[in-house]
Structures are given as C-alpha cells and as structure tokens.
1. May I have the extent of the alpha carbons of the stretch 3-161 along their three principal axes, as whole Å values ordered from largest to smallest?
2. Enter the per residue convex hull volume of the stretch 103-164, computed from alpha-carbon coordinates, in Å³ rounded to the nearest integer.
3. Roughly what would the spin-label model give for THR7 and VAL131, points 7 Å off Cα along C-beta, in nm?
4. Per residue of the stretch 68-79, in order, report the coupling 6.51 cos²θ - 1.76 cosθ + 1.60 (Karplus, θ = phi - 60°) as ³J(HN,Hα) in whole Hz, putting x for Gly and Pro.
5. Give me the distance between the Cα centres of the stretch 92-112 and the stretch 35-57, rounded to whole Å.
6. Based solely on its DSSP helices, what 222 nm [θ] is calculated for the chain when runs of n ≥ 4 H residues each add -39,500 (n - 2.57) and the sum is averaged over all residues, nearest 500 deg cm²/dmol?
7. Residue-wise, which Karplus ³J(HN,Hα) couplings in Hz belong to the stretch 94-107, taking 6.51 cos²θ - 1.76 cosθ + 1.60, θ = phi - 60°, and x for glycine or proline?
8. What does the convex hull of the alpha-carbon atoms of the stretch 1-49 project to on average, in nm²?
Amino acid sequence: MRLRAATAADFGFIRSLTGNPDYAPFIGDDDEAQLQRWLDSPAARVLILDDGGGPEGFAIFREIGDPSGRVELFRIALDRAGAGRGDAFFAALLDYAFRDLGAARVWLDASAENARAIKVYRRAGCQREGVLRQHWWRPCLGRSVDLHMFAMSRAEWQARRLPT
C-alpha cells in the first residue's frame, strides 16, 4: 500500500468520506481550514492511501514530537468500507507511525458502535486500554456514544513483525 502526504487538492476527497452518512456515526468532519492547519502543523501528518489509481483512503496522525513518544492516529477512513482493505491499510499506518515517525506508542479511539474498526485494531495487535462511557456526542445520532481506547507500543509492533 502506498501512502503519500496529503495536499489541499485532497480536501474534497477527505470531506467526501467524513461527510458520508455511513461514516457520520464513527468519524468527525472537519472543514478545509482545519485540514489546512493539520497540513501546516509539524505535530500532525495527513496521509492519503493512493496506489496509483487515485485516493482510496486517508488518515490523520497527531501529537507527533510529543516528548513521551506517543502518536495519536486521530482519523482513518477508506472510500469503500468492507472491501477487505482495512487490515492492510491499518498495518501500513502502524508501520509508518513506528518506522517513519519514530513513535514509541500509537494510540487511537473508536466508537463502541464501530465493530468493523474494532476488529481491525484487535487483529493488528492493538490492546484495548479502556472505555470512556458516553463520552463522544454524535449529533447525527442525537446521543453520546462510548469510546474504546486502543494502543500499541513499539515493542509490540516489533514483536508482530518478527518472523515466527
């Protein structure tokens, strides 16, 4: 899977995913001004999955450069959910975080109602570290949802990459 840095030209694609009603319960939508702030921030990376046929997904990392070495995988989405690419895309993002960003730890959260994403994170070896009950207000649902907190350490990532 090929990841590349996003540009302002990708904002339409990103917004098409974050504004998709199928994703609305699971992912927030940001305007172009916020996306530009992330592009400009040394503490963030906006990546596009693009294997040569145009964008297929995106991800946003935050907290890059934090003294603790933690990096947050803040947002992740594919253009076609359930198409069998989630595991490979997520693995590529973990590789990028540990290899290219030098992360000591990658953390993320997921709506408790996003069973597909939670399965991907667990299959990748992320550990569920807790639940924030009724934490995230989702206007599209008219209620708050639980957030599951996940993380992987560099040592866990390295152990999964070693041949068995």
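Read-outs: derived from the displayed coordinates by stated rules, not from any lab. What you see is a predicted model, and the numbers here were worked out from it, not measured in a lab. Reconstructed Cβ throughout: ideal geometry from the backbone, glycine too, with neighbour counts over all protein chains shown.
1. Between the extreme Cα coordinates on each principal axis of the stretch 3-161 lie 38, 36, 32 Å.
2. Spelled out: Cα convex hull of the stretch 103-164, divided by residues, is 84 Å³.
3. Each label point is offset 7 Å from its Cα along the Cβ direction, giving 4.5 nm.
4. 6, x, 6, 9, 9, 8, 7, 8, 8, 7, 10, 5
5. 15
6. Calculated at 222 nm, the ellipticity per residue is -7500 deg cm²/dmol.
7. Running phi through 6.51 cos²θ - 1.76 cosθ + 1.60 with θ = phi - 60° gives 5, 4, 4, 4, 7, 7, 8, 8, x, 4, 8, 7, 10, 10 Hz.
8. Value for the stretch 1-49: 3.8 nm².
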